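Notes follow once the structure below has been shown.
The values are calculated or read from the model by the stated rules, or taken from the named source; none is laboratory data. The shown structure was predicted, so the numbers you read here are calculated from the model rather than taken from an experiment. Cβ coordinates were reconstructed from backbone atoms using ideal geometry, including for glycine residues, and neighbour counts include every protein chain displayed.
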Amino acid sequence: MKELAFDAVVIGGGAAGMAAARELDAAGLSCAVVEREESLGGILLQCVHNGFGLIEFNEELSGPEFAERVEESLSGTKLAVFTGTTVMELDAHTETKSLFCYSARFGVLRLNARAVVLAMGCRERNRGNIRIPGDRPAGVYTAGLAQRLVNVEGYIPGKDTVIIGSGDIGLIMARRMSWVGCKVHAVVEILPYPSGLTRNVVQCLHDFNIPLYLSHLTTRIIGKERVEGVEITPIENGALVHEKAFTIACDTVLLSVGLVPENELSKSAGVEINPMTGGAQVDSMLMTTVPGLFACGNVLHVHDLVDYVVEEARRAGRNAALWLKGARPGSEVRVKAGPNVRYVAPGRVRIDADNKLYFRPLVVKNDALLEVRLDNRVIMSVKKNHIQPSEMQSIVLGPKELLAAQGMPDSVLEISLR
Amino acid sequence: MKTELTCITCPLGCSLSIEREADGSLTVSGNRCPRGIRYANEELLSPKRMVTATVRVLSGSGAGHDRLASELMHERLPVRTSAACPKELVPELLQELYKLTVNLPVRRGDALLSNWRGLGIDVLASRTLG
Ligand SMILES: Cc1cc2nc3c(=O)[nH]c(=O)nc-3n(C[C@H](O)[C@H](O)[C@H](O)COP(=O)(O)OP(=O)(O)OC[C@H]3O[C@@H](n4cnc5c(N)ncnc54)[C@H](O)[C@@H]3O)c2cc1C
Ligand code: SF4
């Protein structure tokens, strides 16, 4: 077995992995990136629609363009890039961590490093996760898998489609399927509002006259060999109204019912997971509960904009470099999600420096108020024109706001919306 | 005639009501700011969309022996328009793109169609392949 040593190894070569690795290299450390696919870029490579990079590059790019731009920023670095290589096991019990990798080219490979950045992205929830009853015919895909089939591999999964869930991937796929000549009969959403961005509802559904059934549940998938239809039941006052159930004939069902961070490796390495995000519990340096293991991007919490992924990953890379050089977080305060906030990441802030926090609203609301409390005292309030769960929010808190917590190890910072 | 639209210029997503006056001009209500009026005018008088698609790739010939099979899996090249295309012409543009075959190698930004229909719209490769 080939064995190599680095200061740091980054698992995953998507937007997050590339951005984190670049910072480690810039800090003069030796660093490797391990990516399962044959090329760097991650999920961006199948997102051929545009809308990426407005913050990062001040331009609207397609996913592949964004990925290539980030990859180009790696030229001139001394990074060791292992593509087509999967990390099978992460042993983080000792100060030097070991990654056992497998690739067709190198066989089994052992990489040793004192710091590891987790950047494995996320995967889609599937039918099993949401328990739709009915037959088990062919023709049921997750929206992201269908996206890969159509955009990368050049296969069209079916002709007559119903999309379950109104997340952005599903909406984007409604337009893509229409543009490749399929008929999208409906998008069915259990919640009373769409889970995706308004922009996507307008440009991906309204443009093609695709009906969006809000407060409707898919109660059955019908079909023996191949999907033949779906049964849809309205929800009124919180209850299913079976008398009003109806069926839509289709040969393909796409599921767009959420994403889950890909944390099997992290868990096996002993990393504590935050149940609200499905990602690691991290401190102000984005370090997990296992010293020397850092996390960023969709493996930490699911982001809607790749620009934020890159920003967060740079921080993780920089912090991992600082940590390797001996830096440790100073005094920290625990962060809590208050009313109408699903989660806040990271879970700790440091008192002596600026902290960027990302948080996700639980509600749709215009003219909302963001309130930050330190030990129940409001230390900041900001007006928000509009909040909704599909749009992650951010805030920066620094010494000015947090100094009152100096010497108070049990202080709690709460972020709430009303 | 009254038309309903959702403004997508900003996340507030105002519901716009638009009345077409006798002189052809539009009266917009429901907008929280003037950008809603501009959006309604563009959407109703000359709607445009950015188009992204994929086109067929002819791999093979130039490919060296050591290319991995999975690299050859990229059967499609992602492309996008350089500017927004009049909405009613999008299906036609797509049909034309689906008929194209691109020879590798291709670099990001290469124009596959230039000044399509004299509209000043190019179709650009959005990935480097081969
Ligand atoms: C369908 C879709 C549409 C989107 N649309 C937009 C949009 O319009 N605008 C926008 O800004 N953002 C959009 N996003 C969000 C944004 O693109 C992603 O959040 C971002 O690219 C995620 O980057 P990442 O590096 O965290 O994860 P990924 O890109 O998923 O990268 C993770 C990488 O890790 C690798 N990996 C995982 N496990 C292992 C292992 N064990 N060993 C080796 N490698 C491993 C994977 O192969 C993958 O390449 C979209 C996302 C999706 C899924
Ligand atoms: S009208 Fe103005 S405030 Fe309303 S959605 Fe459009 S841009 Fe936003």
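Annotation note: Cβ proximity below 9 Å between a residue of the stretch A:395-407 that is over 12 Å from A:Asn355 (Cβ atoms) and a residue that is among the basic types (Lys, Arg) (sequence gap 6+ or interchain) occurs for A:Ala404/A:Arg377. Residues in the stretch A:47-64 that are of a type outside the set (Gly, Ala, Ser) and surrounded by fewer than 22 Cβ atoms within 10 Å (Cβ to Cβ): A:Asn50, A:Leu54, A:Ile55, A:Glu56, A:Phe57, A:Asn58, A:Glu59, A:Glu60. Regarding A:Lys78, is this residue touching a Cys at 6+ places or on another chain (Cβ under 9 Å) and at pLDDT 95 or above? So A:Lys78 fits the description; yes. Being assigned by TED's automatic domain parsing to the domain that holds A:Leu305 and modelled with pLDDT of 95 or more holds for only one residue in A:Arg105, A:Arg114, A:Arg176, and it is A:Arg114. Exactly one residue among A:Ala337, A:Ala321, A:Ala316 is under 16 Å from the mean Cα position of the chain (by Cα) and at pLDDT 95 or above, and that residue is A:Ala316.
If only residues of the stretch A:290-303 that are within 25 Å of A:Gly398 (Cβ to Cβ) and assigned to a loop (DSSP other than H, G, I, E, B) are counted, the one that is nearest to ligand 1 (Cβ to nearest atom) is A:His303. All conditions but one from (1) away from every other protein chain (no Cβ under 14 Å); (2) free of Cβ contacts under 8 Å to residues at least 40 places away in the same chain; (3) of a type in the set (Phe, Trp, Tyr) apply to A:Phe57; the one that does not is (1). In the stretch A:238-282, which strands (runs of 3 or more DSSP E) lie fully inside it and hold 2 or more residues that are within 13 Å of ligand 1 (Cβ to nearest atom)? Correct list: A:252-255, A:259-261. Taken as a whole, the structure leaves B:Cys10 outside the set of residues that are within 12 Å of ligand 2 (Cβ to nearest atom) and loosely packed, with under 14 Cβ neighbours inside 10 Å. Exactly one residue out of A:Gly317, A:Gly279 is in contact with a His (Cβ under 7 Å, 6 or more places away or on another chain), crowded, with 24+ Cβ neighbours inside 10 Å and not aliphatic (A, V, I, L, M), and it is A:Gly279. For A:Pro192, all conditions in the list (1) away from every other protein chain (no Cβ under 14 Å); (2) at pLDDT 95 or above hold save one; what is the number of the exception? The one condition A:Pro192 does not meet is (2).
Every residue, every condition in (1) surrounded by fewer than 16 Cβ atoms within 10 Å (Cβ to Cβ); (2) among the aromatic types (Phe, Trp, Tyr), yes or no:
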| residue | (1), (2) |
| --- | --- |
| A:Cys182 | no, no |
| A:Pro194 | no, no |
| A:Ile210 | no, no |
| A:Tyr213 | no, yes |
| A:Glu231 | no, no |
| A:Ala249 | yes, no |
| A:Val260 | no, no |
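Checked against the criterion of being modelled with pLDDT under 95, more than 25 Å from the chain's Cα centre (by Cα) and away from chain B (no Cβ under 14 Å), the candidates A:Ile222, A:Ile210 yield just one match: A:Ile222. Restricting attention to the stretch B:13-44, which residues are away from ligand 2 (no atom under 15 Å from the Cβ) and either in contact with a strand residue (DSSP E or B) (Cβ under 8 Å, 6 or more places away or on another chain) or acidic (Asp, Glu) (or both)? Passing the criteria: B:Glu19, B:Arg20, B:Glu21, B:Asp23.
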